[in-house]
Amino acid sequence: MNPELPKLLDVQVKDGRVAEIVAHQRAIDAEMAVFDAARDRIQAEIAQASRTAEEIGRRRDEAAAKLEKQRILHEGRRQRLEQERNPRVAAQLMADVDLGRSILAQEESDWLRLADDANTRATSVAAAKERLAALLTEQESARADHALKRAEIDALLAAARSEREGAASLLERSLRIRYDRLRNSRQVDVLVMAQNAICTACFTSIPSSRISTLNAEGVLIEGCEMCGAIIYLPEVLV
């Protein structure tokens with residue numbers, strides 16, 4: 001029996017353990033992603049609502065400035081009208097005052113509309129922030145539990161990987177390189193059994209030219225010609 005075969009099998013078992021822990025880790029992360037998605041939705045809503053509120057607030061302030069300017073102009077025209085004694089000029093000033101009053105009324109209407117809108121937007125932002133705070137409070141316990149689970153699984157994974165590297169370090173260098181390369185490119189086991197001269201990974205017949213090597217050493221390092229798996233005879237381990 002090839003002395004590397006038991007070592008290879010041990011490494012593969014440890015790789016399987018690492019894969020199981022990684023799958024568990026991803027499942028925990030997926031659960032946390034649900035919480036994050038709910039939080040991120042509200043945060044995005046707050047960001048969008050805040051941008052809109054800021055824009056409306058800017059337009060409201062601009063309208064307020066225009067309104068104040070119009071009030072000053074209107075008051076100036078009214079005072080001039082009160083002091084004017086020339087009937088012709090007074091008539092023109094009266095027309096200007098009437099027009100100014102109409103413009104002032106429109107400016108006030110625009111400002112009130114924007115002020116109401118700004119208040120509504122600010123209320124929406126505040127409500128969204130309250131919902132976010134409530135959600136984070138609701139998630140707090142679950143997040144703490146998930147953080148604990150994640151820390152535990154991280155510790156298990158680190159230990160499993162350490163054990164795996166320790167076992168892999170015992171392999172002959174070229175064999176380890178081949179194994180690791182195959183492991184990184186396959187979704188299934190690298191080391192597979194042969195049954196009745198057939199690779200059990202892809203069910204391809206093993207060429208007769210390799211059968212003698214397989215029978216002699218119990219393992220075919222160069223692998224299956226079809227899928228590349230390293231093949232071994234289970235009976236040599238008995």
Report task. Those residues that are outside any helix (DSSP H, G or I) and touching a helix residue (DSSP H, G or I) at 6+ places or on another chain (Cβ under 6 Å), I need them from the stretch 173-188; list them, please. Result -> none
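Can you pull out the residues in the stretch 64-98 that are among the polar types (S, T, N, Q) and outside any helix (DSSP H, G or I)?
Of the stretch 64-98, the ones among the polar types (S, T, N, Q) are 70, 79, 83, 86, 92.
If the condition is that a residue be among the polar types (S, T, N, Q) and outside any helix (DSSP H, G or I), then N86 is the only one that fits.
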Requested in this report: Starting from the stretch 87-113, keep only residues that are of a type outside the set (F, W, Y), then list their pairs with residues that are outside any helix (DSSP H, G or I) whose Cβ atoms are within a distance under 7 Å, requiring at least 6 positions of separation or different chains.
Outcome: A90/E84; L93/E84
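Within the stretch 182-213, restricting attention to residues that are of a type in the set (V, I, T) and within 14 Å of G228 (Cα to Cα), which residue is surrounded by the most Cβ atoms within 10 Å (Cβ to Cβ)? Spell out the reasoning first.
First pass over the stretch 182-213, keeping only residues of a type in the set (V, I, T): 188, 190, 192, 198, 200, 204, 206, 211, 213.
With the extra rule that they be within 14 Å of G228 (Cα to Cα), the set shrinks to 188, 190, 192, 198, 200, 204, 206.
Numbers: V188: 9, V190: 22, V192: 19, I198: 15, T200: 16, T204: 14, I206: 19.
Among those that are of a type in the set (V, I, T) and within 14 Å of G228 (Cα to Cα), it is V190.
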Query raised in the report: Which members of the stretch 124-168 meet the condition of being closer than 23 Å to D15 by Cβ and polar (S, T, N, Q)?
Result: S162
Requested in this report: Return the only residue of T123, T137 being closer than 22 Å to A53 by Cβ, assigned by TED's automatic domain parsing to the domain that holds A19 and polar (S, T, N, Q).
Outcome: T123
Requested in this report: Report whether or not V22 is in contact (Cβ under 8 Å) with a residue 24 or more places away in the chain, surrounded by fewer than 15 Cβ atoms within 10 Å (Cβ to Cβ) and either in contact with a Ser or Thr (Cβ under 7 Å, 6 or more places away or on another chain) or of a type in the set (A, V, I, L, M, F, W, C) (or both).
Outcome: yes
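Within the stretch 117-124, is even one residue under 24 Å from Q43 (Cα atoms), in contact (Cβ under 8 Å) with a residue 40 or more places away in the chain and more than 29 Å from the chain's Cα centre (by Cα)?
Checked against the condition, which is being under 24 Å from Q43 (Cα atoms), in contact (Cβ under 8 Å) with a residue 40 or more places away in the chain and more than 29 Å from the chain's Cα centre (by Cα), the stretch 117-124 yields at least one hit.
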Report summary line: Per the filter on the stretch 127-151, residues surrounded by 13 or more Cβ atoms within 10 Å (Cβ to Cβ) and closer than 16 Å to R26 by Cβ are H146, K149, R150
**Report entry** Every pair of residues 6+ apart whose Cβ atoms lie under 7 Å, when the first sits in the stretch 137-159 and is more than 16 Å from V18 (Cβ to Cβ) while the second is among the acidic types (D, E) and at pLDDT below 95
**Finding:** H146/E31
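Within the stretch 101-110, is there a residue that is under 30 Å from V22 (Cβ atoms), in a helix (DSSP H, G or I) and in the same structural domain as I42 (by TED's automatic domain parsing)?
Step one: of the stretch 101-110, the residues under 30 Å from V22 (Cβ atoms) are none.
The answer is no, given that none of the residues of the stretch 101-110 is under 30 Å from V22 (Cβ atoms), in a helix (DSSP H, G or I) and in the same structural domain as I42 (by TED's automatic domain parsing).
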Query raised in the report: Is at least one residue of the stretch 207-222 farther than 18 Å from N2 by Cα, part of a loop (DSSP other than H, G, I, E, B), not basic (K, R) and not assigned by TED's automatic domain parsing to the domain that holds E31?
Result: yes
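The values are calculated or read from the model by the stated rules, or taken from the named source; none is laboratory data. As the structure is a prediction and not an experimental result, all values here were calculated from the model. Neighbour counts are summed over all protein chains in view; Cβ atoms, including those assigned to glycine, are modelled from backbone coordinates with ideal geometry.
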